[in-house]
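Enquirer: The structure under discussion is supplied below as structure tokens; questions concerning it will follow.
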Amino acid sequence: MKMKLAVLPGDGIGPEVMDAAIRVLKTVLDNYGHEAVFENALIGGAAIDEAGTPLPEETLDICRRSDAILLGAVGGPKWDHNPASLRPEKGLLGIRKEMGLFANLRPVKAYAPLLNASPLKRERVENVDLVIVRELTGGLYFGRPSERRGPDGNEVIDTLAYTREEIERIIEKAFQLAQIRRKKLASVDKANVLESSRMWREIAEETAKKYPDVEVSHMLVDSTSMQLIANPGQFDVIVTENMFGDILSDEASVITGSLGMLPSASLRSDRFGMYEPVHGSAPDIAGQGKANPLGMVLSAALMLRYSFGLEKEAAAIEKAVDDVLQDGYCTGDLQVKNGKVVSTHELTDKLIEKLNNSEARP
Ligand code: NAD
Ligand code: IPM
Ligand code: MN
């Protein structure tokens, strides 16, 4: 197979974890006899500095003529005081919207060697395997009317707006995912307060009729945030509004031991997708070789699975991650008992060794 990939490293640790993911991808593609063309493009702060805008037209063109996008992270203190339209984050929101990537899948899985790296009790996190399905192109992030300040500067507006169709397609996606997993769906909202949540709940109930084998529960977001820590093993698929999903996924990352572990896939109805770790640009550790590349590397595995249907290749990457952790290697963000802390580059070397020595290799 020949694939065309758009590569958007972004800011902070974005380029460091991207370098790791590309090295791993090249290894696995080479081992399995596939070809890839990588085209780099600017986004976020890097794009503001070079092109004067967080999402240059050229970047969108490159993405449109690619089969999938890999994205590192955007943002950093350098641009934190820029006006809204010139913030790195605007570039990320813009590309999600422009490419129609409404469904953001954020898998959260406990890794056996990392059980003692979580501040949660071992028996709470053991066997956790859940996916947060975050609506990504509507809700509070894309209000209509859009965010603005009143004329005297003392009034602000952020709107949580959804159309029926926007809610239907994300709920449908979540049911489909639950059906091929453990058939449990938690639809998370704030229906005791928000009208948008009441419509969300109605649609979830209507859609449930088409999936009688999926067990649905409706949960309020505040109590869900508590349940995620108290009893994360109860969850299979969680579907929720854009901002609720943003917050819950960072919280859920604690189960794995580090935010640096979580991958994500941003999808639409065809095979096109953007693959990005859940974490940000981590300015506090950028440029020091300390970044955990596994969230980005696992995002590349999701790309092989969802955009290209390359299940064996995706599984090979996931197994290499398991094996390297099993050997005790990790980056400093993971508080693994007796762990061997190595740099981003060294951990990537270990992944590549595993991939090249794997018995499953063709
Ligand atoms: P962050 O995710 O960048 O960092 C939070 C903490 O987690 C930091 O202590 C950081 O060092 C650590 N961390 C994150 N990823 C790590 C990794 N891979 N390896 C090791 N440690 C890791 O969140 P923040 O500090 O709140 O935000 C920093 C910037 O990133 C902001 O500008 C924010 O807007 C942006 N951001 C971007 C994205 C994205 O591009 N998808 C996501 C979240 C935040
Ligand atoms: C994420 C990030 C982004 C979001 C920011 C950087 C706009 O936090 O991908 O989780 O809130 O969606
Ligand atoms: Mn986030």
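Enquirer: With the requirement that a residue be within 15 Å of ligand 3 (Cβ to nearest atom), of a type in the set (Val, Ile, Thr) and under 22 Å from residue 333 (Cα atoms), what does segment 224-255 give you?
Expert: Scanning segment 224-255 gives 247, 254.
Enquirer: Look at residue 245 and say whether it is within 20 Å of residue 24 (Cα to Cα), at pLDDT 95 or above and crowded, with 22+ Cβ neighbours inside 10 Å.
Expert: Values: within 20 Å of residue 24 (Cα to Cα): no; at pLDDT 95 or above: yes; crowded, with 22+ Cβ neighbours inside 10 Å: yes.
No.
Enquirer: Shifting gears a bit: Among the residues of segment 1-16, write down those that are among the aliphatic types (A, V, I, L, M) and within 18 Å of residue 89 (Cβ to Cβ).
Expert: Residues of segment 1-16 among the aliphatic types (A, V, I, L, M): 1, 3, 5-8, 13.
8, 13 - these are the residues of segment 1-16 that are among the aliphatic types (A, V, I, L, M) and within 18 Å of residue 89 (Cβ to Cβ).
Enquirer: Okay, next question. Could you check residue 53 against (1) under 19 Å from residue 142 (Cβ atoms); (2) more than 16 Å from ligand 3 (Cβ to nearest atom); (3) touching a residue at least 40 places away in the same chain (Cβ under 8 Å); (4) part of a loop (DSSP other than H, G, I, E, B) and say which number it fails?
Expert: If we test residue 53 against (1) under 19 Å from residue 142 (Cβ atoms); (2) more than 16 Å from ligand 3 (Cβ to nearest atom); (3) touching a residue at least 40 places away in the same chain (Cβ under 8 Å); (4) part of a loop (DSSP other than H, G, I, E, B), just (3) comes out false.
Enquirer: Now for a separate question. Evaluate the following for residue 24: is it within 16 Å of ligand 3 (Cβ to nearest atom) and among the aliphatic types (A, V, I, L, M)? Please lay out each step first, then the result.
Expert: Values: within 16 Å of ligand 3 (Cβ to nearest atom): no; among the aliphatic types (A, V, I, L, M): yes.
In short, no.
Enquirer: Between 247, 238, which is within 19 Å of the chain's Cα centre (by Cα), within 16 Å of ligand 1 (Cβ to nearest atom) and not in a loop (DSSP other than H, G, I, E, B)? Even if it seems obvious, please write down each step before you answer.
Expert: Numbers: 238 fails: within 16 Å of ligand 1 (Cβ to nearest atom).
Just a single option satisfies the conditions, and that option is 247.
Enquirer: Next up: Six or more apart or on different chains, Cβ under 8 Å: which pairs go from a residue in segment 57-76 that's away from ligand 3 (no atom under 16 Å from the Cβ) to one that's of a type in the set (Phe, Trp, Tyr)? Could you list them?
Expert: That search, which allows pairs on different chains as well, returns 67/272; 67/308; 68/272; 68/275; 68/308; 69/275; 70/275.
Enquirer: Tell me whether segment 348-359 contains one or more residues that are more than 20 Å from the chain's Cα centre (by Cα), among the aliphatic types (A, V, I, L, M), surrounded by 18 or more Cβ atoms within 10 Å (Cβ to Cβ) and over 29 Å from residue 66 (Cβ atoms).
Expert: no
Enquirer: Which count do you get for residues in segment 140-167 that are surrounded by 15 or more Cβ atoms within 10 Å (Cβ to Cβ) and in a helix (DSSP H, G or I)?
Expert: Matching residues across segment 140-167 total 5.
Enquirer: Here is a follow-up. Report every pair of residues separated by at least 6 positions or lying on different chains whose Cβ atoms are under 8 Å apart, first residue within segment 92-104 and under 12 Å from residue 142 (Cα atoms) and of a type in the set (Val, Ile, Thr), second within 15 Å of ligand 3 (Cβ to nearest atom) and part of a strand (DSSP E or B).
Expert: From residues that are under 12 Å from residue 142 (Cα atoms) and of a type in the set (Val, Ile, Thr), there are no pairs.
Enquirer: Suppose we filter segment 222-276 for residues that are among the polar types (S, T, N, Q) and without any contact (Cβ under 8 Å) to a residue 60 or more places away in the chain; how many remain? Step through it out loud before you land on a result.
Expert: Going residue by residue through segment 222-276, those that are among the polar types (S, T, N, Q) are 223-225, 227, 231, 234, 240, 242, 249, 253, 256, 258, 264, 266, 269.
The next check asks that each one be without any contact (Cβ under 8 Å) to a residue 60 or more places away in the chain; those that pass are 223-225, 227, 234.
So the count comes out to 5.
Enquirer: Would you be able to say whether some residue in segment 27-42 is more than 23 Å from residue 310 (Cα to Cα) and in contact (Cβ under 8 Å) with a residue 12 or more places away in the chain? Talk me through it step by step, then tell me what you get.
Expert: Filtering segment 27-42 for residues more than 23 Å from residue 310 (Cα to Cα) gives 41-42.
Narrowing the set further to residues that are in contact (Cβ under 8 Å) with a residue 12 or more places away in the chain leaves 41-42.
Checked against the condition, which is being more than 23 Å from residue 310 (Cα to Cα) and in contact (Cβ under 8 Å) with a residue 12 or more places away in the chain, segment 27-42 yields at least one hit.
Enquirer: Next up: Considering each of 314, 286, 291 in turn, give the residue that is without any contact (Cβ under 8 Å) to a residue 24 or more places away in the chain and under 30 Å from residue 46 (Cα atoms).
Expert: Numbers: 286 fails: without any contact (Cβ under 8 Å) to a residue 24 or more places away in the chain; 291 fails: without any contact (Cβ under 8 Å) to a residue 24 or more places away in the chain.
Within the list 314, 286, 291, the selection yields 314.
Enquirer: Residue 253 - would you say it is within 14 Å of ligand 1 (Cβ to nearest atom), part of a strand (DSSP E or B) and of a type in the set (Gly, Ala, Ser)?
Expert: Judged against the criteria, residue 253 is not a match.
Enquirer: Can you confirm whether segment 79-101 contains a residue that is basic (Lys, Arg), crowded, with 19+ Cβ neighbours inside 10 Å, within 16 Å of ligand 3 (Cβ to nearest atom) and part of a strand (DSSP E or B)? So that I can check it myself, show each step before the final result.
Expert: Quick first cut of segment 79-101, residues basic (Lys, Arg) only: 87, 90, 96-97.
Among the residues that remain, those that are also crowded, with 19+ Cβ neighbours inside 10 Å are: 87, 90, 96.
Now narrow it down to the ones that are within 16 Å of ligand 3 (Cβ to nearest atom): 87, 90, 96.
Subsequent filtering for residues that are part of a strand (DSSP E or B) retains none.
No, the conditions are met nowhere in segment 79-101.
Enquirer: Moving to a separate point now. Quick check: is even one residue across segment 214-222 in a loop (DSSP other than H, G, I, E, B), more than 16 Å from ligand 1 (Cβ to nearest atom) and buried (at least 22 other Cβ atoms within 10 Å of the Cβ)? Can you show your working first?
Expert: First, the residues of segment 214-222 that are in a loop (DSSP other than H, G, I, E, B): 214.
Still in the list and also more than 16 Å from ligand 1 (Cβ to nearest atom): 214.
Then keep just the ones that are buried (at least 22 other Cβ atoms within 10 Å of the Cβ); that gives none.
No: zero hits.
Enquirer: Looking only at residues that are outside any helix (DSSP H, G or I) and charged (D, E, K, R) in segment 279-326, which one is surrounded by the fewest Cβ atoms within 10 Å (Cβ to Cβ)?
Expert: The extreme case among them is 284.
Enquirer: Which of the residues belonging to segment 262-278 are part of a loop (DSSP other than H, G, I, E, B) and within 16 Å of ligand 2 (Cβ to nearest atom)?
Expert: First pass over segment 262-278, keeping only residues part of a loop (DSSP other than H, G, I, E, B): 262-264, 268-272, 276-278.
Result: 262, 263, 264, 276, 277, 278.
The values are calculated or read from the model by the stated rules, or taken from the named source; none is laboratory data. This is a predicted model, so every value here is computed, not measured. With ideal geometry, Cβ positions are generated from the backbone for all residues, glycine too; neighbour counts draw on all protein chains shown.
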